Every structure is written in C-alpha cells, then in structure tokens.
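Engineer: First the structure, then my questions, so here it is.
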Amino acid sequence: MKNSHTSILRHIAALAAFCLFMAANAVPVACAGTPAAALIAATTAAGTTPLSPTGPASSIATTGNSTTAPLKTVAYFEAGPYWEFSLIYKQVRASLEQRGLLQHLNFPQSLYISPGWNASNADYRREAAKLMTNSSVDMILAMGTAATKALLAENNGITPIMSIDVADPVGAGIVDAQTGKTAPNLTIQYQRDKWYKVFTLFHQALPFSRLGIMYHDSPEGLSYSNVNEAREVARERGFTLVEYPYLDKAESMDTCTKGVNALLDQGVDAFYISALNCFDWTQGNPQPMFDTLNSRKIRTFARDGSIHVRRGALMGLSTLNYLPLGRFYADRIGQRLNLLPPTAVLEKESYTPKITLNIVTASNLGIDLPLLLLISADEIFDSTLAGVQNATMAQ
C-alpha cells in the first residue's frame, strides 16, 4: 500500500469517529416538536414494557379501537417518482403489517398524489391544500422535501404528516437546527450534521482537490445535493468545490450530462453523486455518465451507497437503514392514529453508516485503497471474482 502507517491510523480514527457520531446523533423528531428520543426515554423510565420489533400483532392490540372500527385513511404525496420513495414506502407498509396495524388503514389510490417533477411549486401547494382540507384524510405520508414543504405551506396544524426521505431537513427549513423541533403535527427522522460528516469522511478517506457537484438552483435543489454542507467542508478542509447550478427542475438526463461535461472541463478530480432524478436507475440509465467519469479517472462518491457503487461509483456511504426506518414510521403512524396503547415504547431508529467500495473502479483509477478503509467497508464490489458481484464484509 502507498499509504504510510500514520495515514492508515488517521483513517482508522476518522472512520471510527464518524461511525460513533452517526450512531450517537440519530435524533427522531416527535409529532409535537419535541425530540422523540426524550419521549422514548420517558416511557422507558416509567417502567413500560417495550414492544418486540418482530412480535405478533396480539402484542400490540389497539387501545380504544376494535377490529370493526372504521379504517383510517392515509394519503400519499410525492412531488414526483423516485426510487427511494418506493423502496421506503414498501418497507413502511411491511412494518405496518408486521405490527398488525396495516389492517386498520386504508391507502386509497385516489389519494396517491404525484404531480411530477416538472410541476411548479404552486401545483404542489395546490395538491397539498386539497389534502389539508379533505376531512376524510386522517394522515398524510409526505415523501421528500418538496412534498413536505408544500404541506407545511398549507398546513392546517391538525392532520398528521409523516415526512419521509427528506434530503436535508435543517437546510430545507423543516427542522430547527438548534432545538430539533418542527411543526406540531409533523414527524420526521434525521441525524444532526449528517452531510457535513459525509463530505468530511469522503475527503479523509480518499483525498481530492476539486470536487464537482451539480444541482437545480432552488432551495430544494440545494438541499437534494447537500450543497451548503459541501461548501462548509470545502472551506474547512481546503479543497475547491466546483458547482454546476444549471440543471433543469426535473434534473433531466440531458442537463445532468451537460453538467458532468462542464465540470470535467473545469478540471474536477472528484464528483459527488447526489439525490438527483438523473441518477434514478428505475427511471433512466445514468451508466453513460458513470462511464464518462471513470474514463477520465474521476473519483466518484455516492450518497446512496450500494445502488451506485455496484454500477461503477468508487465509494458510497449509505445513510439510511430501511428496516428500522420502516419500523420507526410504522410505530409513529400507529401512535398518531391511536392504534397503539399509550404506554407503547416506539422503535428508536438507530444507524451506523454503511461504507461501500468498488475494487474494480479503484483499480481502473490507479488507486490503492487504504487497508483500514477496506476493513471498515460493509460491502465490496469486485466483478473480477468468478461468479461474485458483491462481497459483504461482517463488522
């Protein structure tokens, strides 16, 4: 390895510190604007018996509700389709079924709202207002930043909102950075300073000089690409952040391809793969962009981990663990709709970031990966191994 022992030790310390930080700072926000961790601690201290995460439905029998009670109506609202929305939604429903709660809920197709990424903010707010004034709606699942912000702009202060998969709740103005509080009727899960730590880890693990980042020039666009955190880390660590703010609102493949080429022309040696629609493998094919970046020896860092690294990104850091996240929201749906007993201890979402590496990409880029980075990785993709595309390493 080219790295000295001192460098390797620094990598050990950085990776260990980051994992400890992420585990210690997962702060769920409760419906009443109080950090949910405090509510969990209070109920535990009172001597209640926690629900088994995989227990039978009989262990979480509803309080004040019978099997003949009217179904609770849950609306689904997204600005537009995105692969992670679908994945998390399925996990939430699976967790609801596991908890014995799904049978009490109705998800009507008529209340599945998805205006599309080309729709205007006025269109999003119009749909949000319809949901907020619909007396038949008992709860709204808000998928992503744009949907959540539209609902808060039209908020009636009563209808419970479950805000899911928001890229940067603080940067989007959904959660107060100092207090962790949000709207009284909104529930969201987030980790403090998550993206700051992500950029720091990328730079510590595999240093670069000029990091390319692209986004649509809007508050939501800045949030999806974690631009503010990238700027802060660039200032502190001394690398240059090269920005391309000219994506269209839909983050189309055409404008993203132009963005990648423009950043290459400006001499970037690294690129951040953020939560853009053009990187959604279920809606299109980002592979040509990946191939272009790899052919130019660009270090690519993906915030969504495995899905991009298996297709050629150098390194990924997944910041969501879907199973406990599904349980987290399932429990809070049950709590807000009075489908759980008042003494129920809710799932506390905890998470240690998952590091993913692509050995073939590293080899093609001429990079000797630090030993400790290899040891710390949760997933390593190496297509040169016969019959093996993914080697998962135990921690």
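Engineer: Would it be correct to say that Arg210 is basic (Lys, Arg), within 24 Å of Asn277 (Cβ to Cβ) and at pLDDT 95 or above?
Structural biologist: Working: basic (Lys, Arg): yes; within 24 Å of Asn277 (Cβ to Cβ): no; at pLDDT 95 or above: yes.
Considered against the rule, which asks whether it is basic (Lys, Arg), within 24 Å of Asn277 (Cβ to Cβ) and at pLDDT 95 or above, Arg210 comes out as no.
Engineer: Shifting gears a bit: Do you know which of the residues in the stretch 94-106 that are in contact (Cβ under 8 Å) with a residue 24 or more places away in the chain and surrounded by 17 or more Cβ atoms within 10 Å (Cβ to Cβ) is nearest to Ser225 (Cα to Cα)? Lay out the reasoning, then the answer.
Structural biologist: Looking only at the stretch 94-106, we keep the residues that are in contact (Cβ under 8 Å) with a residue 24 or more places away in the chain, and these are 94-96, 98-101, 103-106.
Within this subset, residues satisfying the condition of being surrounded by 17 or more Cβ atoms within 10 Å (Cβ to Cβ) are 95-96, 98-101, 104-105.
Values: Ser95: 29, Leu96: 31, Gln98: 34, Arg99: 34, Gly100: 37, Leu101: 35, His104: 37, Leu105: 34 Å.
My answer is Ser95.
Engineer: If you go through the stretch 132-153 one residue at a time, how many are of a type in the set (D, E, K, R) and either surrounded by fewer than 17 Cβ atoms within 10 Å (Cβ to Cβ) or within 19 Å of the chain's Cα centre (by Cα) (or both)?
Structural biologist: 1
Engineer: May I pose another question? Here is a check on your reading of the model: is Asp165 under 14 Å from the mean Cα position of the chain (by Cα) and either in the same structural domain as Ser120 (by TED's automatic domain parsing) or surrounded by fewer than 20 Cβ atoms within 10 Å (Cβ to Cβ) (or both)?
Structural biologist: On the way: under 14 Å from the mean Cα position of the chain (by Cα): yes; either in the same structural domain as Ser120 (by TED's automatic domain parsing) or surrounded by fewer than 20 Cβ atoms within 10 Å (Cβ to Cβ) (or both): yes.
Judged against the criteria, Asp165 is a match.
Engineer: If only one of Thr292, Thr282, Thr300 is in contact (Cβ under 8 Å) with a residue 60 or more places away in the chain, farther than 25 Å from Gln189 by Cβ and among the β-branched types (Val, Ile, Thr), which one is it? Break it down into steps so the answer makes sense when it comes.
Structural biologist: Values: Thr292 fails: in contact (Cβ under 8 Å) with a residue 60 or more places away in the chain; Thr282 fails: farther than 25 Å from Gln189 by Cβ.
Result of the check over Thr292, Thr282, Thr300: Thr300.
Engineer: Cβ-Cβ under 7 Å, sequence separation 6+ or interchain: first residue in the stretch 117-134 and within 12 Å of Thr159 (Cβ to Cβ) and not assigned by TED's automatic domain parsing to the domain that holds Thr73, partner in a loop (DSSP other than H, G, I, E, B) and modelled with pLDDT of 95 or more. Which pairs?
Structural biologist: Once the first residue is within 12 Å of Thr159 (Cβ to Cβ) and not assigned by TED's automatic domain parsing to the domain that holds Thr73 and sits in the stretch 117-134, no partner that is in a loop (DSSP other than H, G, I, E, B) and modelled with pLDDT of 95 or more comes close enough.
Engineer: If a residue counts only when it is in contact with a Gly (Cβ under 6 Å, 6 or more places away or on another chain), which helices (runs of 4 or more DSSP H) contained entirely in the stretch 281-339 have at least 1 such residues?
Structural biologist: Details: elements: 287-295, 306-309, 322-336.
Answer list for the stretch 281-339: 287-295, 306-309.
Engineer: Specify the residue that is nearest to the chain's Cα centre (by Cα); the eligible residues are those in the stretch 359-372 that are over 13 Å from Val309 (Cβ atoms) and either in a helix (DSSP H, G or I) or among the aliphatic types (A, V, I, L, M) (or both). Spell out how you get there, then give the answer.
Structural biologist: In the first step, residues of the stretch 359-372 are kept if they are over 13 Å from Val309 (Cβ atoms); the result is 363-368, 370-372.
Imposing the further condition that a residue be either in a helix (DSSP H, G or I) or among the aliphatic types (A, V, I, L, M) (or both) reduces the set to 363-365, 367, 371-372.
Working: Ser363: 29, Asn364: 29, Leu365: 28, Ile367: 28, Leu371: 28, Leu372: 26 Å.
The selected residue is Leu372.
Engineer: Going through the stretch 340-358 one residue at a time, which ones are part of a loop (DSSP other than H, G, I, E, B) and closer than 23 Å to Pro207 by Cβ? Quick ask: steps written out before the conclusion?
Structural biologist: Here is the first cut: in the stretch 340-358, the ones part of a loop (DSSP other than H, G, I, E, B) are 340-353.
Pro353 - this is the single residue of the stretch 340-358 that is part of a loop (DSSP other than H, G, I, E, B) and closer than 23 Å to Pro207 by Cβ.
Engineer: While we're on this one: Are any of the residues in the stretch 108-117 surrounded by fewer than 20 Cβ atoms within 10 Å (Cβ to Cβ), modelled with pLDDT under 95 and not aromatic (Phe, Trp, Tyr)?
Structural biologist: no
Engineer: Could you run through the stretch 234-276 and say how many residues are assigned to a helix (DSSP H, G or I) and either in contact with a His (Cβ under 7 Å, 6 or more places away or on another chain) or at pLDDT below 95 (or both)? It would help to see each step written out before you state the result.
Structural biologist: Start the filter on the stretch 234-276 by keeping residues that are assigned to a helix (DSSP H, G or I), which leaves 234-237, 253-265.
The next check asks that each one be either in contact with a His (Cβ under 7 Å, 6 or more places away or on another chain) or at pLDDT below 95 (or both); those that pass are 237.
Total satisfying the criteria: 1.
Engineer: Moving on. Could you list, in sequence order, the residues of the stretch 245-270 that are more than 15 Å from Tyr224 (Cα to Cα) and under 24 Å from the mean Cα position of the chain (by Cα)? Explain how you work it out, then say what you get.
Structural biologist: The initial filter retains those residues of the stretch 245-270 that are more than 15 Å from Tyr224 (Cα to Cα), namely 253-255, 257-270.
If the condition is that a residue be more than 15 Å from Tyr224 (Cα to Cα) and under 24 Å from the mean Cα position of the chain (by Cα), then Met253, Thr255, Thr257, Gly259, Val260, Ala270 are the ones that fit.
Engineer: Mind counting the residues in the stretch 196-253 that are more than 22 Å from Val175 (Cβ to Cβ) and of a type in the set (D, E, K, R)?
Structural biologist: Adding up the residues that qualify gives 9.
Engineer: Which one of these is buried (at least 17 other Cβ atoms within 10 Å of the Cβ), outside the structural domain of Gly305 (by TED's automatic domain parsing) and in contact with a strand residue (DSSP E or B) (Cβ under 9 Å, 6 or more places away or on another chain): Thr200, Thr187?
Structural biologist: Numbers: Thr200 fails: in contact with a strand residue (DSSP E or B) (Cβ under 9 Å, 6 or more places away or on another chain).
Residue meeting the stated conditions: Thr187.
Engineer: Let me ask something additional. May I ask you to verify whether Thr282 is under 16 Å from Trp83 (Cα atoms), in the same structural domain as Asn364 (by TED's automatic domain parsing) and hydroxyl-bearing (Ser, Thr, Tyr)?
Structural biologist: Details: under 16 Å from Trp83 (Cα atoms): yes; in the same structural domain as Asn364 (by TED's automatic domain parsing): yes; hydroxyl-bearing (Ser, Thr, Tyr): yes.
When the stated conditions are applied, Thr282 passes them.
Engineer: Of all residues in the stretch 168-221, which are in a loop (DSSP other than H, G, I, E, B) and aromatic (Phe, Trp, Tyr)? Steps first, please.
Structural biologist: So the first thing to find is which residues in the stretch 168-221 are in a loop (DSSP other than H, G, I, E, B), and the list is 168-185, 192-193, 206-209, 215, 217-218.
Within the stretch 168-221, Phe208, Tyr215 meet the criteria.
Engineer: Test each condition in (1) modelled with pLDDT under 90; (2) crowded, with 24+ Cβ neighbours inside 10 Å; (3) within 25 Å of Glu243 (Cβ to Cβ) for Val170 and report the one that comes out false.
Structural biologist: Answer for Val170: the failing condition is (2).
The values are calculated or read from the model by the stated rules, or taken from the named source; none is laboratory data. Since we're looking at a predicted model, the values are computed, not measured. FYI the Cβ positions are ideal-geometry reconstructions off the backbone, even for glycines, and counts take in every protein chain you see.
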